[in-house]
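Beneath this line is the structure, given in structure tokens, with notes to follow.
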Amino acid sequence: MALRINDTIPNLTVETDQGSFALHDWIGDNWAILFSHPKDFTPVCTTEFGAVAQLADEWEKRGTKVLGISVDGVEEHVKWKGDIESVGGAKAGFPIVADTDLQVSKAFDMLQADYYLSDNPTPADSQTVRTVFIVGPDKQLKLSMTYPMNVGRNFAEVLRALDALQTAARETVATPANWTPGGDVVVPLSVSDEDAIAKYGEIDKKLPYLRMAKLSA
């Protein structure tokens, strides 16, 4: 069965270019982003890893670790990072899982259970391995996004989604369409008008069930 929102992610022990570790231990008390790829040395994926490397300071500000996943081995990952850093212009300091046996891909339901790779697989053989997972400090899945091979992921949107998830968790609110940090938030239906006004100072009651408020700076 596919991982669903609020499922606890599998606590797999994975091999990476930075050593082996159990996923839950690696996450610790942080947020985490896992982003998977069908193969090393592929054009779109190289630009994506470069984009993730460029955002290193942003991930750190948000107490978030990032983990790449690819079906190739550790040696390929080490070599590939040279290309990633050349294209991205930033150090790729995050680990990349060597998912050669598809343990992670299958456990996270990125491939059918009986799938296997041939001896000389092409990116098309593992093209369904194209997912972003955002995981909370509680080790539960908070959000996932799946892309086709020919559409590069927008990591500005991943960052925005992370901000929204962290704000919602911290402030016990929801965020509206196209929300960005500093924007008005949605008051939960479980909170009365009186309690909302006491908490936020004022609310913008657009509909009986849609009330907006500003968070204090």
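The values are calculated or read from the model by the stated rules, or taken from the named source; none is laboratory data. From a predicted model like this one, the values you see are computed outputs, not experimental measurements. Please note: Cβ atoms are built from the backbone with ideal geometry, for glycine as well, and neighbour counts cover all protein chains shown. For accessibility, only protein heavy atoms count, side chains too; no ligands or nucleic acids. Shrake-Rupley method; radii C 1.70, N 1.55, O 1.52, S 1.80 Å.
Please work out the Cα convex hull volume for segment 36-101 and give it in Å³ per residue. Spell out each step's value before the answer.
Values: hull volume 4.6 nm³, N = 66.
Dividing the Cα hull volume of segment 36-101 by its residue count gives 69 Å³.
Net charge within 13 Å of N6 by Cβ-Cβ distance, Lys/Arg positive one each and Asp/Glu negative one each, not counting N6 itself?
Details: positive: R4, K139, K142; negative: D7, D138.
Once positives and negatives cancel, what remains is +1.
So, taking all protein chains as they sit and a 1.4 Å probe, how much accessible area belongs to D57, in Å² rounded to tens?
110
With 20 Å as the cut-off, how large is the P(r) tail for segment 1-75, expressed as percent of Cα-Cα pairs? Please list the in-between numbers first.
Numbers: 1088 of 2775 pairs.
Tail of P(r) above 20 Å: 39 percent of Cα pairs.
When Lys and Arg each count +1 and Asp and Glu each count -1, what net charge do the other residues less than 13 Å away from E76, Cβ to Cβ, add up to?
On the way: positive: K39, K79, K81; negative: E15, D17, D40, D72, E75, D83, D99.
Cβ neighbours under 13 Å give a net charge of -4.
Given 0.36 nm per residue, what is the gain on full extension from V151 to I5 after removing their alpha carbon distance, in nm?
Details: separation 146, 0.36 × 146 = 52.56 nm, distance 2.37 nm.
Gain in length upon complete extension: 50.2 nm.
Write down the percent of antiparallel bridges among all DSSP beta bridges whose residues are both part of the chain, to the nearest 5.
Working: 21 of 31 bridges.
The antiparallel proportion sits near 70 percent.
Beyond a 30 Å Cα-Cα separation, which of these cross-linked pairs lie in this structure: K142/K205; K106/K142; K81/K142; K139/K205?
Working: K142/K205 28 Å; K106/K142 19 Å; K81/K142 28 Å; K139/K205 35 Å.
Beyond 30 Å between Cα atoms: K139/K205.
Rank these residues by their accessible area, most exposed first, probe 1.4 Å: E85, E15, E60. Working shown, then result.
Working: E85 65, E15 105, E60 140 Å².
Descending accessible area places them as E60, E15, E85.
Starting from the Kirkwood radius over alpha-carbon pairs of segment 121-217, derive D by Stokes-Einstein at 4 °C in a medium of 1.567 mPa s and give it in µm² s⁻¹. Walk me through the numbers before you get to the answer.
Numbers: Rh = 15.7 Å.
D = 83 µm²/s.
Over 5 Å intervals from 0, what percent of Cα-Cα pairs in the chain sits in each interval?
It works out to 1, 7, 14, 17, 18, 14, 10, 7, 5, 4, 2, 1, 0, in whole percents.
I'd like the accessible area for S192: 1.4 Å probe, protein heavy atoms, all chains in place, Å² to the nearest 10.
Surface open to solvent at S192 totals about 40 Å².
Angle between the Cα long axis of helix 74-88 and the longest principal axis of the chain, 0 to 90 degrees, nearest 10?
For helix 74-88, the angle is close to 60 degrees.
Between A177 and T47, what length in nm is gained on full extension when 0.36 nm per residue of separation is reduced by their alpha carbon distance? Don't jump to the answer; show the numbers that get you there.
Details: separation 130, 0.36 × 130 = 46.80 nm, distance 2.74 nm.
Taking A177 through T47 to full extension adds about 44.1 nm, to one decimal.
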